[in-house]
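Novice: Sharing a structure here in structure tokens format.
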Amino acid sequence: MSLLVKICGLSTRETLDVALGAGADMVGFVFFPPSPRHLSLETARELGKQAKGRATKVALTVDADDATLSNIVETLQPDLLQLHGKETIARLRDVKARFGLPVMKVIAVETSADLAALPGFADVADRILFDARAPKGATRPGGLGAVFDWQLLSKLDLKLPYMVSGGLNPDNVAEAIRVTRAGGVDVSSGVERSPGHKDPEMILKFIRAARATEELMVR
Ligand SMILES: O=C(O)c1ccccc1N[C@@H]1O[C@H](COP(=O)(O)O)[C@@H](O)[C@H]1O
């Protein structure tokens, strides 16, 4: 199976076009007001149309309620919901049933203890994304460029597809794939010139660096 590359936090037509043109498999849109990447529904509608049929559209939310999710689903028309908060297993089940969309649950990782909840989530989620646990007091649970210890995943035996994120960039993505054996990688701040401002050249470099590892990997 080929590696999935997700570019997250896209917010302009230009940078979305670069990611799609470079062959991103997934494009992520952030709906979390404290984030510098937060999208209005109006922009989401526009970018959603632009990405339709060219990549998997991912809507990233943090403990969003039904009304918020409903507006996002209606305007962006995502293919996948990325739940990046403290959503419970019951909430995942409910979201899946209510919106009829696959769900990618984010597991925040700092120590091996953070993996204990994995089996329960893996029963319900369609895929898992491992991200670095945000430091206490952070204004958002992700998109901070923080890295976790990839060795924690090196012996992971998960039947579900999983991706890795957290502080990835064009220089470290190959090593992250090698250590974690993840089926996909996800990046936001590592392809930005400042928070919320994607750099076209870095997007290209990231996708190239990730793709270059594919030939070396035996999954
Ligand atoms: O990008 C954000 O602002 C954000 C806000 C709230 C939750 C998650 C967010 N970003 C996601 O976090 C991971 C890792 O990001 P980074 O590469 O370390 O910057 C990724 O999935 C982002 O989309």
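What follows is calculated from the coordinates using simple rules that are stated; it is not laboratory data. These figures come from a predicted structure and were not determined experimentally. Cβ placement follows ideal geometry from the backbone for every residue including glycine, while neighbour counts extend to all protein chains displayed.
Novice: Could you tell me how far the Cα centroid of the stretch 5-48 sits from the Cα centroid of the stretch 163-185, in Å?
Specialist: First find each Cα centre; the distance between them is then 20 Å.
Novice: Once R0 is set to 25 Å, what does the formula 1/(1 + (r/R0)^6) return for the Cβ-Cβ distance between D123 and V179, expressed as a FRET efficiency to the nearest 0.05?
Specialist: Approximately 0.45, to the nearest 0.05.
Novice: Additional query: Please list the non-local residues whose amide H lies under 5 Å from the amide H of F130, H modeled 1.01 Å from N, same-chain partners needing a gap of 5 or more.
Specialist: I107, M163, V164, S165
Novice: Specify the residue with the greatest mean-square fluctuation among A22, A113, A59, computed from a Gaussian network of the chain linking alpha-carbon atoms under 10 Å apart.
Specialist: Maximum among the listed residues: A113.
Novice: Okay, next question. Between D94 and D65, how many nm apart are label points set 7 Å from Cα along the C-beta direction?
Specialist: 1.1 nm
Novice: Assign one of three labels to the chain, namely rounded, prolate or oblate, based on the Cα gyration tensor with a ≥ b ≥ c the square roots of its eigenvalues; rounded applies when a/c is under 1.5, prolate when it is not and a/b is larger than b/c, and oblate otherwise. Walk me through the numbers on the way to the answer.
Specialist: On the way: a/c = 1.42, a/b = 1.05, b/c = 1.34.
Rounded.
Novice: Counting other Cβ atoms within 10 Å of each Cβ, which trypsin sites (Lys or Arg not before Pro) in the stretch 39-114 have at most 12 and sit in a DSSP loop?
Specialist: Passing sites in the stretch 39-114 are K52, K86.
Novice: So what's the back-of-envelope 222 nm ellipticity for the chain, counting only DSSP H runs of four-plus at -39500 (n - 2.57) apiece and dividing by all residues, rounded to 500?
Specialist: Calculated at 222 nm, the ellipticity per residue is -9500 deg cm²/dmol.
Novice: A further question follows. Pairs to check: K86/K198; K105/K205; K6/K86; K6/K198. Give those whose C-alpha atoms are more than 18 Å from each other in this structure.
Specialist: Details: K86/K198 27 Å; K105/K205 27 Å; K6/K86 22 Å; K6/K198 14 Å.
Flagged as over cut-off: K86/K198; K105/K205; K6/K86.
Novice: Apply the Karplus parameterisation 6.51 cos²θ - 1.76 cosθ + 1.60, with θ equal to phi minus 60°, to every residue of the stretch 85-92 and state each ³J(HN,Hα) to the nearest whole Hz, in sequence, with x for glycine and proline.
Specialist: x, 9, 4, 7, 4, 5, 5, 4
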